[in-house]
Every structure is written in C-alpha cells, then in structure tokens.
C-alpha cells in the first residue's frame, strides 16, 4: 500500500472510533435547524428602496397637477382598491397594458378620492392577460372591497376569463367617471 492509502485508512479509522451515528445525526440536525432559521434574520430592505440607491427607480409622475402621485407606487390615489402587479412597472401605463398582453373586458370597480380636487372617481381595474405574471410592484389595497358574493366589487378573482388566455400579468386603473355624491 502506498503512503497516501495508509494515511487515508488511518484517518478514516480514527474518525470512525471517535464519532457515533448519533453525533453525526445531531450535527446534521443542528445544521438543518440553523439553515431553516436563516430567512428569519433581519435584512436592511429599506436601503434598497431609498432614492438614489442602486436598483431604485425614479418616480413615475403624470405631469398633470390634477393627477398627483407616483403611478408606480402602491400609494397612488387610483390604486385604492387594486390587487395585483402594477402595469406601470411591467412596461404598460396606468391606463394601458404592456405589449404582448390583452386587457380583460371583465373588470372590477372601486371609488377613489383624488387628493388634488377632493372628488371621488369611479375606477375600473382591468387585468392584463396573456403573458406570465410580471412579478414587480405588487400592490394589495382593499378599500371598498366587497365579499365574493358581489364579484363586480371584489378584487380577489382572476379577471382574465374574458380573454384568449387566462394567464394574469398585471392590472391597470382607468378612470371611468366622477362618482355621484351621496344624497
């Protein structure tokens, strides 16, 4: 036998004498448990969304003083009852779908208040369908959301059923009109 074989055999025998199956299982179990807790550690997520930080995006403003806010932010006034990915982050706009997708003719509605003029507007939320989910700028606001027994006012459905493909991509928020004041 060569010297390397004798050295390897000696090391393997010493390791086998000094450890048991239980100790190997204990170390393996501790490693698995520790790895499972790793995602729970705190992470500085706010730094990545700070203005000027790498990967941050500039605000998408309409330029119209009557339409204030960042159209790619969940806090934008038209998104008060939206549930899904914002088309403004996926290649579309607040009113139009990204290229390669189709706007669903079936919609849910919400009533949102524009901070610029203090008026309530009826907003039509349409899903854009046909391409896999965008995965960017997820927004789930449920102001005025109704139970699924009233589907026209519920945002939990996949509204792509009226299109050629039922694959959801993102959602738009188009103004339908001014809401009537309650009498």
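Values quoted throughout were computed directly from the atomic coordinates according to the rules given, and no laboratory measurement underlies them. Since this is a predicted model, take the numbers as computed values, not measurements. Because the Cβ atoms are built from the backbone with ideal geometry, glycine has one as well, and the counts that use them run over all protein chains shown.
Quick rundown of the values:
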| read-out | value |
| --- | --- |
| Potential extension, residue 166-residue 24 segment - 0.36 nm per residue separation minus Cα distance | 46.1 nm |
| Taking 85, 138, 11 and counting other C-beta atoms within 10 Å, the order from fewest to most | 11, 138, 85 |
| Two-decimal Rg/Rh across the range 77-178, once Rg and the Kirkwood Rh are taken from alpha-carbon atoms | 0.95 |
| Taking the range 77-178 and dividing mean pair separation by its residue count, relative contact order in percent (alpha carbons under 8 Å, at least six apart) | 41 |
| Order of 6, 119 under a 10 Å beta carbon neighbour criterion, fewest first | 6, 119 |
| Residue order, fewest to most beta carbons within 10 Å, for 127, 117 | 117, 127 |
